[in-house]
Amino acid sequence: MFDTIALQYLHDGKLKKEHVELIYIEELLREAVIDLDEAQKTQDIAHRATFLLAYMAMLRAGRALLLLKGYKPTNSSQHKTIVEMTSLIMGKSYQTITDHFNLMWQKQDELIHEHRGFLSELDAHDAFHYALLLLREVVKIIKKEDPDFHISI
């Protein structure tokens, strides 16, 4: 399924083939860990900050996963493309996580571009929780490619 959709996205200009060294992918994941660390520090005082930092961590993890597969988003809807492709790569067994990633994409889009939307403490808590789950799973996938890769989450 992923390969079929990836070919369609290539044709539509949403993706392009991109080869990057594993070190670049690992650096993206390290940045995602920093985002999550900062999200955790703001959890009790700034719900928007927690939510947006957790979303950025998920976005970086999704981008890393897409780059691992040899693709890079190229269109004006890069966030949406990353969310959709992450869902395809992760598969049905991670549906809850990737569904939440999709909801977060929609909510952050409203918060940033449309200047509307309500963000609760629960939204921020859930964002952090699901970002942590996604990042852990992406790290497991990267470790299969590079057994020497080590990152503390």
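No lab work stands behind these numbers, since they all come straight from the coordinates. Predicted, not measured: the structure shown is a model, and the values here were computed from it. Neighbour counts run over all protein chains shown; Cβ positions are idealised from the backbone, glycine included.
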(request) Give a residue-ordered list of calculated ³J(HN,Hα) values for the range 47-59 (Karplus: 6.51 cos²θ - 1.76 cosθ + 1.60, θ = phi - 60°; whole Hz; x for Gly, Pro). (result) 5, 4, 4, 4, 4, 5, 5, 5, 4, 4, 4, 5, 5
(request) On a C-alpha basis, how far is the centre of the range 1-59 from the centre of the range 81-153 in Å? Whole number, if you could? (result) 8 Å
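Of K41/K80; K14/K72; K16/K80; K92/K143, which sit over 19 Å apart, Cα to Cα?
Details: K41/K80 27 Å; K14/K72 8 Å; K16/K80 15 Å; K92/K143 21 Å.
Going by Cα-Cα distance, K41/K80; K92/K143 fall outside the 19 Å limit.
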(message) Between H47, H79, H113, where does the largest GNM mean-square fluctuation fall for the chain, given springs only between Cα atoms within less than 10 Å?
(response) H113
(message) Ranking request for peptides 25-36, 139-150, 119-130: highest mean number of other beta-carbon atoms within 10 Å first, then the rest in descending order.
(response) 25-36, 119-130, 139-150
(request) Give the angle, between 0 and 90 degrees and rounded to the nearest 10, that separates the Cα long axis of helix 2-12 from the longest principal axis of the Cα atoms of the chain. (result) 90 degrees
(request) Grab the DSSP H runs of the chain that are 4 residues or longer, score each as -39,500 (n - 2.57), total them, divide by all residues and round the 222 nm result to the nearest 500 deg cm²/dmol. (result) -24500 deg cm²/dmol
(request) Pull up all non-local amide H partners of L15: gap of 5 or more, or a different chain, and H-to-H distance under 5 Å with H placed in the peptide plane. (result) L10, T74
(request) On a 0 to 90° scale, report how tilted helix 22-42 is relative to the longest principal axis of the chain, with both axes built from alpha carbons and the result rounded to the nearest 10. (result) 10 degrees
